[in-house]
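Working notes, beginning with the structure itself.
The values are calculated or read from the model by the stated rules, or taken from the named source; none is laboratory data. Owing to the predicted nature of the structure, the values given are computational and were not obtained by experimental measurement. Glycine also receives a Cβ, built like all others from the backbone with ideal geometry; neighbour counts cover every protein chain displayed. These accessible areas exclude ligands, DNA and RNA; they are computed on the full protein's heavy atoms, side chains included. Shrake-Rupley method; radii C 1.70, N 1.55, O 1.52, S 1.80 Å.
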Amino acid sequence: MSLTFHWFLPTNGDSRHVVGGGHGTPATAFGRNRQPTVAYLSQIARAAEDLGFVGVLTPTGAWCEDAWLTTAMVSQHTERLKFLVAFRPGFVSPTLAAQMASTFQRQTGGRLLLNVVTGGESHEQRAYGDFLDKDARYRRTGEFLQIVRDLWEGKTVDLSGEHLQVEDARLARIPDPVPEVYFGGSSPIAGEIAARHVDVYLTWGEPPAQVAEKIAWVRGLAAKEGRTVRFGIRLHVITRDTAEQAWTEAHKLLDGFDPDTVKSVQAGLARSESEGQRRMLALHGGNREDLEIHPNLWAGIGLVRGGAGTALVGSHDEVAERIKEYHALGIDEFVLSGYPHLEEAYWFGEGVLPRLAAQGLWQHPFAPTSTPAAQVPFTS
C-alpha cells in the first residue's frame, strides 16, 4: 500500500521562524510575517497538490482562523487536494455538523476529511461557552460521532445521551463519499473513543518505541470492538540535500527562540490538561540541550509551540529512512509541516518523496494513468 502524506495550512500565520500557538497559548509575533490570507494559503495548497500530498490539515482554536470557512475558500483554488478540517464537537450540533460535512463534500467533489479535536484545555473551552470537564468532553465526543455517523448512513436518529439529545434527526442528502474521521488523544478515554468511532488514529511525533506502544494500545481496543483502525503521525520536517544543511536550519530556528518566549510558552503548556501535550513536554523538559531524542527526531519545535513539537531533521535519505521506520510500526499516513510552509513543502516533496517512490513505498496520488501526448516521442 502506498504511504499517504498530508501537509499543513498555517492558518495562524507563517514565517521563516517557528510560529507558536495552540493548547491555550497565543500565536507568536512571527505569525504576522506571512498573514494567513486566502491567497497565501492557496499558494501552499496548490504546491501541496502538485507535489503529491493527498490533503492538508488545518488547526482549530482561538489562535488561528476558522478551519471550516478557510478551507471552503481555499478549496476553490485547488482541484483534487483534500482538506483535513479540525473541529471541536462541543461547538456545533451534531446534526448541523453532519449537514455541513455533506455540503462540503458536494461542493468540493468529495474532498473533506474530518479531524475531531475534543479539546484539552478547559479554560479555552470555557471561552467558547463549554464548561464540561475533560472526561465529559470525551464522552460527549463519543455521542457526537455516533449521531453523525448514523446520519451519514441515511438513518433517522433519536438519541437521548448524557450530553447530547436529538429527535427525528435526518439528512436530506447524505455525503458521498462519507468523510473519513481522524482523531488523536493519549488518555484512556481517548483510546476508547478512537476504538469505537474513528477511521485514522493520529499520534504526535514521539520516538518509535512510544509510538509502537500507542499503536498496540489502540489496535487492541479496536479489536475488542470488532473494528480496525489505521494509524497516522503528525510531525514537522527539516530536510535538505545533506544532514549538515538540515541541522544548520534547525539550529537557526533554535537561535531565534527568545528565552522569555520559551519560558512563557512552557509555563502555559505546563497547565495543559492534555496527556498528549504532557508527553510532548517530557521529550525536552523545557531545555535547549539534547534535543535530538532519537536519530533525526528533534524536539526543539515544542519549546515555543503547543501540540506537535517534534521534527524529522536530516538529509533526504535520512528522513526517508525515519519514515520507513515509523511505517514498519504500522504508520501509513504522515501529516507534515515545516517553516515556512511553502518552501518546506518543496524541500520534502522534491527531496524525500522521489526516494520513497523509487523504493515502491509511495506513488503520486494525482499522477496521470497514461502517458501524456506531450511525452510521446516524435517520429517523422
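With contacts defined as alpha carbon pairs under 8 Å and 6 or more residues apart, what's the relative contact order of the stretch 1-75 in percent? Show your work: numbers first, answer last.
Numbers: 106 pairs, mean separation 29.3, N = 75.
Averaging sequence separation for qualifying contacts and normalising by length gives 39 percent for the stretch 1-75.
If you stretched the chain out fully between HIS77 and ALA267, how much longer would it get, using 0.36 nm times the residue separation minus the C-alpha to C-alpha distance? Can you show the working numbers first?
Working: separation 190, 0.36 × 190 = 68.40 nm, distance 3.96 nm.
Additional length available on full extension: 64.4 nm.
What percent do you get for the relative contact order of the chain when only Cα pairs under 8 Å and 6+ apart count? Relative contact order for the chain comes out at 20 percent.
Give, to the nearest whole percent, the P(r) tail of the stretch 122-183 beyond 20 angstrom, counting all Cα pairs. Show your work: numbers first, answer last.
Working: 737 of 1891 pairs.
When all Cα pairs of the stretch 122-183 are counted, 39 percent exceed 20 Å.
Pair-distance distribution P(r) for the stretch 236-380, from all Cα-Cα distances in 5 Å bins starting at 0: 2, 9, 16, 19, 17, 13, 9, 6, 4, 2, 2, 1, 1, 0, 0 percent. Annotation for the stretch 280-359 versus the stretch 15-38: alpha-carbon center distance of 19 Å.
Return the subset of LYS134/LYS155; LYS252/LYS324; LYS155/LYS324; LYS155/LYS224 for which the Cα-Cα distance in this structure is over 32 Å, preserving the input order. Don't skip to the end; give the middle numbers.
Details: LYS134/LYS155 30 Å; LYS252/LYS324 27 Å; LYS155/LYS324 41 Å; LYS155/LYS224 25 Å.
Going by Cα-Cα distance, LYS155/LYS324 fall outside the 32 Å limit.
Within the full protein context, the accessible area of ARG196 is estimated at about 110 Å² for a probe radius of 1.4 Å.
The portion of the accessible surface of the chain made up by carbon and sulfur, rounded to a whole percent, is 49 (1.4 Å probe; DNA, RNA and ligands excluded).
Excluding ligands, DNA and RNA, what is the solvent-accessible area per residue of the stretch 203-352 at a probe of 1.4 Å, expressed in Å²? Before the final figure, lay out each step's value.
Values: 5950 Å² over 150 residues.
For the stretch 203-352, the solvent-accessible area averages 40 Å² per residue.
Taking all protein chains as they are arranged and a probe of 1.4 Å, the heavy atoms of MET280 leave approximately 10 Å² accessible to solvent. Label-to-label distance for GLN165 and HIS123 is 3.4 nm, based on points extended 7 Å past Cα in the beta-carbon direction. Looking at the chain, the DSSP beta bridges with both ends there are about 20 percent antiparallel. Only helical runs count toward this figure. For the chain, summing -39,500 (n - 2.57) over DSSP H runs of n ≥ 4 and dividing by all residues gives -12500 deg cm²/dmol at 222 nm.
As a rough guide to protection, the peptides 130-137, 264-271, 315-322 ranked by mean Cβ packing within 10 Å, highest first, stand as 315-322, 264-271, 130-137. Under 5 Å between amide hydrogens, built in the peptide plane, is the criterion, and for THR203 it picks out GLY232, ILE233, ARG234 among residues at least 5 positions away or on other chains. Legend: calculated FRET efficiency, ALA172 to ALA223, from the Cβ-Cβ distance at R0 = 35 Å, rounded to 0.05, equals 0.45.
Close amide H pairs (under 5 Å, H built 1.01 Å from N) link PHE83 with VAL56, LEU112, LEU113, residues at least 5 positions away or on another chain.
Which of rounded, prolate or oblate describes the stretch 1-156 when judged by the alpha-carbon gyration tensor and an a/c cut-off of 1.5? Cα axes put the stretch 1-156 in the oblate bin.
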